[in-house]
Amino acid sequence: MIEAEKSFVIGAPIDSVWDYVRDIGKWASLLPGCRECAIIDEHNSRWTIKVGAGGLVKTVNVLVCVEKWDGPERVNFTYKLESEPVVGGGCYIASKAGPQATDVRLQLRVEGSGPMAPMWEAVCKPLFNPLAGAFTEKLKTEIEQYVGVPALPDADNSGSGSVMAVVVRWLRKLWLAVAGGNQSQSLRSQELLANKDKVMSEQNKQVVLKFINAMGSSDGATAATCLAQDAFTLAKGFGKFAGIRRYDTIVGTIDAFKQLVPTGLRPDIKSVTAESDRVVVEFEGNATTCDGKPYNNQYCMVFTLADGKIKQVNEYFCTILAEDVLWPLIEKMADAIPQS
Amino acid sequence: MIRNLPAKWDLEADVVSIGSGGGGLCAAITAHDNGASAVVLERSDQVGGVTAYSMGEVWIPGNHHAAALGIKDSAESGYRYIKGLSMGYGHDTAMLNQAVHAPVALKYFEDRIGLKMCAIRKLPDYYYPHVEDSLAEGRYLEALPFPAATLGEWQFKTRVSPHVPYSMTHDEIFDNGGLANMINWDFSVMSERLSKDERCAGPGLAAYFVKGVLDRKIPLLTGVNAEELVVDGSRVVGLRATRDGKDFFVKANRGVVIAVSSYERNPDFAKTLGHQLNPVSMVMPGIDGAHLRLAGQAGARVARVPDVSMLGFHVPGEEQEEGVPLWRGALPFLGLPHTVLVNRAGKRFSNEAFYRSVYFALDIIDGATQTHPNFPCWAVFDSQAREKYPFGSLMPGQEMPEELGTTADSIEALADKIGVDVHGLAATVAAFNGYCETGDDPEFKRGTFPWGALMCGDPTRKPNANLGPLLKPPFYAVQLHRMAGGGICAAGVVADHHCRAIGWDNKPIEGLYVAGNSVARLDNGALMQSGITNARGMTHGYLAGRHAAGNPSDLLQKEMDRLGL
Ligand SMILES: Cc1cc2nc3c(=O)[nH]c(=O)nc-3n(C[C@H](O)[C@H](O)[C@H](O)COP(=O)(O)OP(=O)(O)OC[C@H]3O[C@@H](n4cnc5c(N)ncnc54)[C@H](O)[C@@H]3O)c2cc1C
């Protein structure tokens, strides 16, 4: 059995997400190479998918059965290829991450059966993870568009002629071809994703480190160059600092931070992990506030990037310490900080 | 006298290869390493050609890998083997030329581009042990797995094959029961190779050459379709291609190498040159006879050798690329136990376990009736075959799709359903089942070619790898289509020993070379020994590249002197 799990945050309330997700036809349209989805009844549908593998394009029919529509938190489903001895299943798990944010986890599995099961799994394996990744990436974008979160800037308008922009444009073109069903391209959906991973991770890492350093030295202008127009940070937790901040607020806060913490955060980076569109950084601050108190918080930030820009940051830090040390200062200076 | 020079050239190189298969890539590499500049033009959006579709077997008598294993062989022995089997339809010098240069070209590419090959153990020559100078092993070579990630941006622009299990080496396949016994293969190896994108067989072989070209920074242009030669009087000086719908003129200071494979995707050429009526094909749609159109312009001579048809079928839902159905070769499955190949009369007509016996029988014409008695034809097998063996991409145990084959509970019912003589088929199966008991097929000698036992049979089956009765219902029949040779064809452009194209006056055409399957098969005549076409591509590329770069090989002359010819 091969398994994959993808989790991500959608910048939309859980009920809007559910509104989208409860329609199985929409799921099908997100799967690369899916040509048709015939709804049989509330639980069953038949998807016709063209998959490219091993130098050929194969049309497979997949019977999908949603065993449980348990909205808005959960959907359980199984599937079965009509002509090949391959079965699988998975579940969709959603939870509220904030008033405007939903945590989504997608668990998927695939399994060969019969005497040739090991072969089917060997063939499915390199396809499965990229396909799951492509699917979740699209799911997120589509839902955000559906509920009206500002759309991705078009790579063609991103203006920069950087290598990254070129790579991204190329990837998009391929991606459109895949989704739009040009076969010689859908053939390579897995490959483009694999390649994208490699190219992207390293460049993304550099963008994120630049951002953290800019943040640490309260350099809003530099930080701004790392952010997408529709970027948002999502401070996790339940205290006063929790919640979403968008582009202007992020940049404004970084600039204003100087007044709260004249030393800057002085981040001491402990680890950086980059994988495809995501960079995770663990670091510790070593700062002194404007009233002379130490402020040494510990952070883990999960960055999601697109087109070489930061789109989303999930921030984890000790909100109790932040509230204790920073909140009184912020209250005093509230006017200096742009409202979110 | 043609003079069709363009007003301006878009690209210039000393040597211009048309086609990015073995022949074109090897010519460019060799030309480059002999001091000339080179470029490769490819019409499709992927490089590697049919070479990358192939099983990747390279057949070279007298190669150094066999010598290292202590196998006694020589180029001269290989020459005698080919000459004997060519039935006089080849040219002696062409056969000798291939024999003496193939081992040299092999060594050259191993030394120059990091090509890594090894001998395939246990794979005998087609005609072993039936003719003199045949060997039980050592002449077949294959590439070691190639790490495709090293191709960088060309990784996914370098073709892989829908036809062959390119994540396994021959040795790995043979060690686990051969092609028939996929059920026993070690799929963890396949899984790992697929994940890492390490390519064996033809995709691996082609990738080595692509890497050689990339390492040399030889421009490799895709989407460039060669349309006509540019000739200045009697010398070929370049060509006109089209790129993005516009003319694209490429100047060749020293030579154009045409290595565009055959014409099998051109039904009219297939009929009139290959005598194949409406063949289906395993190769890319772009293999449509460009060499004949191009070289024809410069007056190149065309020659034909006796050629044959293969058989194929289409598994529903499989495409080669959008809108192009994928056709799979049937021959590897016809010699399996519990399987026979029959004609309309329900009669067997060949040794199903030896490709060449099927080929020639298929195309026979009965002059009394002016019909092809053995075409149409059907593969007939029972559920034992279905349980144990693959049939194309239909895996052991997988249900027979209705669009692919007919299923019935008895042989008689099956014959009736497919429109084959009922008594004929029943009698054929009864007789065949009898042969299976004795392990001897007196009619067509199934199982007497060790090559066929390994490649078309179940090598674990005793006493005869190619015999097993049709007993267990349900029974199945798959009607087969006439199929072209997978790039190997009857007719091609005649070339001299430097691979210069030859005119009808038997004089070389200045500035024009041919390589690979574009070259008339006068170096093997009526024979086709698998693995020889990939070897030809490499050898022709080597010879054309050297000559065009001004450093022609003199080995043939030396060998002829030595042999006193
Ligand atoms: C399934 C299969 C298995 C095989 N297995 C073996 C094997 O194990 N051993 C063996 O020796 N042989 C095998 N063969 C045959 C062998 O691989 C090919 O015949 C051989 O590789 C052909 O090489 P080539 O250099 O002639 O050209 P190819 O590799 O066919 O390359 C020709 C290239 O030219 C391009 N082209 C065509 N027209 C134009 C044009 N006008 N302009 C620009 N480009 C053009 C084509 O797109 C193609 O990429 C197999 C074939 C098949 C189909």
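Things worth noting here:
- When only the Cβ of Lys, Arg, Asp and Glu is charged (+1, +1, -1, -1), the dipole of region B:310-483 relative to its Cα centre reaches about 560 debye.
- Solvent-accessible surface of chain B, taken per residue with a 1.4 Å probe and all protein chains present: 35 Å².
- Residues of region B:46-84 with amide N under 15 Å of the 7 Å Cα→Cβ point at B:D171: B:65-71
- B:Y89/A:E36 FRET efficiency (R0 41 Å; Cβ-Cβ; nearest 0.05): 0.20
- Counted by Cβ distance under 13 Å from B:S188, the other residues give a net charge of -1, where Lys and Arg count +1 and Asp and Glu count -1.
- Label-point gap, in nm, between B:E322 and A:E275 - each point 7 angstrom along Cα→Cβ: 3.3
- Each Lys or Arg adds one and each Asp or Glu takes one away; over the other residues whose Cβ falls under 15 Å from the Cβ of B:R344, this sums to +1.
- Label positions at B:E443 and B:A7, each projected 7 Å from the Cα along the C-beta direction, are separated by 7.0 nm.
- The listed residues A:C290, A:C37 rank as A:C290, A:C37 when sorted by accessible area, largest first, using a 1.4 Å probe.
- Here each label is just a point 7 Å from Cα along the line to Cβ, and for A:R22 and A:D324 those points are 4.5 nm apart.
- At a threshold of 20 Å², the residues of region A:47-81 that become less accessible to a 1.4 Å probe in the full protein assembly than in their chain on its own are A:K50, A:G54, A:G55, A:L56, A:V57, A:K58, A:T59.
- Region B:7-57 and region B:100-164 have their alpha-carbon centroids 19 Å apart.
- The angle between the Cα long axis of helix B:422-438 and the main principal axis of chain B comes to about 90°, on a 0 to 90 degree scale.
- Between helix B:201-215 and chain B: long-axis angle, C-alpha atoms, 0 to 90°, nearest 10: 10
- Antiparallel DSSP beta bridges within chain B, as percent of all bridges there, nearest 5: 75
- The long axis of helix B:187-196 is offset from the longest Cα principal axis of chain B by roughly 30 degrees.
- Interface size A-B, as summed buried accessible area [1.4 Å probe, Å², nearest 100]: 2200
- Here the accessible area is traced with a 1.4 Å probe on the protein chains. For the protein assembly as shown, carbon and sulfur cover 52 percent of it.
- Relative to one another, the C-alpha centroids of region A:206-259 and region B:192-235 are positioned 48 Å apart.
- Distance from the Cα centroid of region B:471-522 to that of region A:28-52 is 43 Å (rounded to whole angstrom).
- Considering helices alone, the calculated mean residue ellipticity of the protein assembly as shown at 222 nm is -10000 deg cm²/dmol, with DSSP H runs of length four and up weighted by -39500 (n - 2.57) and normalised per residue.
- Under a model in which nothing but the beta-carbon of Lys, Arg (+1) and Asp, Glu (-1) is charged, the protein assembly as shown shows a dipole of about 1500 debye around its Cα centre.
The values are calculated or read from the model by the stated rules, or taken from the named source; none is laboratory data. Predicted model only: the values in this text are computed from it and were never measured. As a convention, Cβ positions derive from the backbone with ideal geometry for all residues, glycine included, and neighbour counts pool all protein chains shown. Just so you know, the surface numbers come from the protein's heavy atoms only, side chains and all, with ligands and any DNA or RNA stripped out. Shrake-Rupley method; radii C 1.70, N 1.55, O 1.52, S 1.80 Å.
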